[in-house]
Each structure stands twice: as structure tokens, then as C-alpha cells.
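**Q** Please see the structure below; I have some questions.
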Amino acid sequence: MTPINAIIISEQKDTLIILKKFEEENFMIIKIIADATSITDGINIIKLTKPDVIFLDITVKDDTFFEMLEQLDFCIPKLIFISDQEHFALKAFKYNAIDFILKPIDFNTIILAVYKAIKRIGMERSYQNQKINDINILNSFNQTNEYLAVSSLDKVELINMSEIIYCKADGKYTYFILLNGKKILSTRNLGEYSKILDNNYFFRIHHSYIINLRHIVNISKKDGYFCEFSNGTVLPVAKRRQDDFNKFIKLKE
């Protein structure tokens, strides 16, 4: 079982100590990857680390924090509220918290909350896997290789491959940058798309990028290989991929 990644947002040192002690004894199910003492720092950490779970033990004065969560372009982390005020439970569940832990904190209440989060995450991942299977079926019927079925956070989108400028890895996710300026986030990783995209036009120039040959407007070979695209983006070709890239675009030295 892969442990879920969690962050802590709390001004209380006692909360931090208890949760980290819990992590030490339950490292098989949870990993605390960061902590913050303010909402502002917490927001920055959330965007940077993309956690599965947030332990929130801090006074939230308005709805800005929760509005930020709704606008994330990756799966919204599961919230576990912690407070010594029982009436805060109403606010917690208003914002779809997985659980509410009333202080004093004990390991039994933490583990119940964590397992609720694990169960919800497992259900969502199962749903995503079903979506991926559906997409594989759609792609298998796509005999012309003109369209690609992409699983985004809340829907499956059909993208015309000719409209894709490049794909960018973002951890376990993939961004599709399109000709019309639109950016679509897929829940599949870049490696999976390297096997699906039409290999007559798409090439993985870097660990983080797959590019569409049709949208390259210039290739610079000064101080390395760099591809410039129709939208003005410039991307590097990894040194170890340059020979294969030359063959792909049929260049002669």
C-alpha cells in the first residue's frame, strides 16, 4: 500500500508534534511531506506539493482558502479539521471535510480520520481507473489517429491531435498545450501518452515534454538543441535524445 501524502497547517506546536508522532508509528499509511503555520504559507505548499490530505488546525477568517482549493487544477486534497471548539465541526462539514477531530487529539481519532481519507481516495482512484479503461476503448476505436481521448479531472475530452502543440509532465499528471491557447490537465502521466500519441508527428524530446512536429517553427542548435513553437514557447531537447530527434525530423548533419 502506497502511503498518502499529507501536510499540516497549524499554529499549534502540540498538534504538529502529535501528528508527526502518529506518522512515525504509521509510516505505512501516511507521510507528512510539509507543514505551515499560516494560511498563506499553506496555500503555497499545497500548490507546490499537491498533497492527498490537509490537516487544518488554524482559524480561517474567510472563505478565501476554500475558494482557492476549488480552483486547483489537480485533485482537491481531503480536509481533516482539528479544533478545541466543537461548534467548528459545522463549518468543517460545510466545506466537505473528511472528518473533524476534537481536541485533545488521540491516535484513535487520527487513524479513523486517515482511514476515511484513504477510503475516499481509493474510491476516486477506482473511478479514475474506470475512466482510463473507457478512454483506452475510445482510443482503440480511433482508427484514423486524428483524435485523442483525454481524462481530465471531471470529464473525458476528445482532442484533435493536430491541435496539440506539446505535452508537459507535472508529476503524475500531464498538461496538454493546445493551438487555441487552452491548457488541459490530464490525470494520466506523460509516459502513458508517449505510447498513445501518433508517432508520425509526436516525439519525446525530454523527460518532461512530448512535442508535435507540426508546430515547430524553428530549431536552434546553438549551445544545445532547442525547439521554438508556433505559440512562442521554446523547449530544450535532452542531450541523450538529440540523435534520435535528428532521425525523427530527418535532418542531416
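The values are calculated or read from the model by the stated rules, or taken from the named source; none is laboratory data. In this text, all values refer to a predicted model and were calculated from it rather than measured experimentally. Reconstructed Cβ throughout: ideal geometry from the backbone, glycine too, with neighbour counts over all protein chains shown. Just the protein is used for accessible areas: all its heavy atoms, side chains included, with ligands, DNA and RNA removed. Shrake-Rupley method; radii C 1.70, N 1.55, O 1.52, S 1.80 Å.
**Q** So what's the angle, to the nearest 10 degrees on a 0 to 90 scale, between helix 39-49 and the longest Cα principal axis of the chain?
**A** Roughly 40 degrees between the two axes.
**Q** Which entries of 172/195; 116/155; 31/78 show an alpha-carbon separation above 21 angstrom in the structure shown?
**A** Violating the 21 Å Cα-Cα cut-off are 116/155.
**Q** Report the full-extension gain for the segment residue 11 to residue 44: residue separation times 0.36 nm, less the Cα-Cα distance, to one decimal in nm.
**A** That works out to 10.3 nm of additional length.
**Q** Now a separate question. Once you order the gyration tensor axes a ≥ b ≥ c over the Cα atoms, which shape class does region 18-94 get: rounded for a/c under 1.5, otherwise prolate or oblate by comparing a/b with b/c?
**A** Oblate.
**Q** Using just the alpha carbons, could you tell me how many Å³ per residue the convex hull of region 140-237 encloses? Numbers along the way, then the final one.
**A** Details: hull volume 9.2 nm³, N = 98.
So the per-residue Cα hull volume is 94 Å³.
**Q** Amide H neighbours of residue 99 under 5 Å, counting only residues 5+ apart in sequence or on other chains, H built in-plane at 1.01 Å?
**A** For residue 99, the qualifying residues are 81.
**Q** Which loop trypsin sites (Lys or Arg not before Pro) in region 1-73, with loop taken from DSSP, have no more than 12 other Cβ atoms within 10 angstrom of their Cβ?
**A** Qualifying residues, ordered by number: 61.
**Q** Also: Excluding residue 117 itself, what net charge comes from residues whose Cβ is under 9 Å from its Cβ, given Lys and Arg +1 and Asp and Glu -1?
**A** Local charge sum for residue 117: +2.
**Q** Can you give the % of DSSP beta bridges in the chain that are antiparallel, to the nearest 5?
**A** For the chain, the DSSP antiparallel bridge percentage is about 60.
**Q** Return the calculated 222 nm mean residue ellipticity for the chain, to the nearest 500 deg cm²/dmol, obtained by summing -39500 (n - 2.57) across DSSP H runs with n ≥ 4 and dividing by the residue count. Please report the intermediate quantities before stating the final value.
**A** Values: 7 runs with 85 residues, N = 253.
Computed mean residue ellipticity for the chain: -10500 deg cm²/dmol.
**Q** When a/c reaches 1.5 or more, the comparison of a/b and b/c decides; with that in mind, is region 31-73 rounded, prolate or oblate per its Cα gyration tensor?
**A** In terms of gyration-tensor shape, oblate.
**Q** Probe of 1.4 angstrom, ligands and nucleic acids ignored: what's the accessible area per residue over the chain, in square angstrom?
**A** Per residue, the chain has an accessible area of 57 Å².
**Q** So, one more: Anyone know which of 239, 222, 50 comes out most mobile in the 10 Å Cα GNM of the chain?
**A** Residue with maximal mean-square fluctuation among 239, 222, 50: 222.
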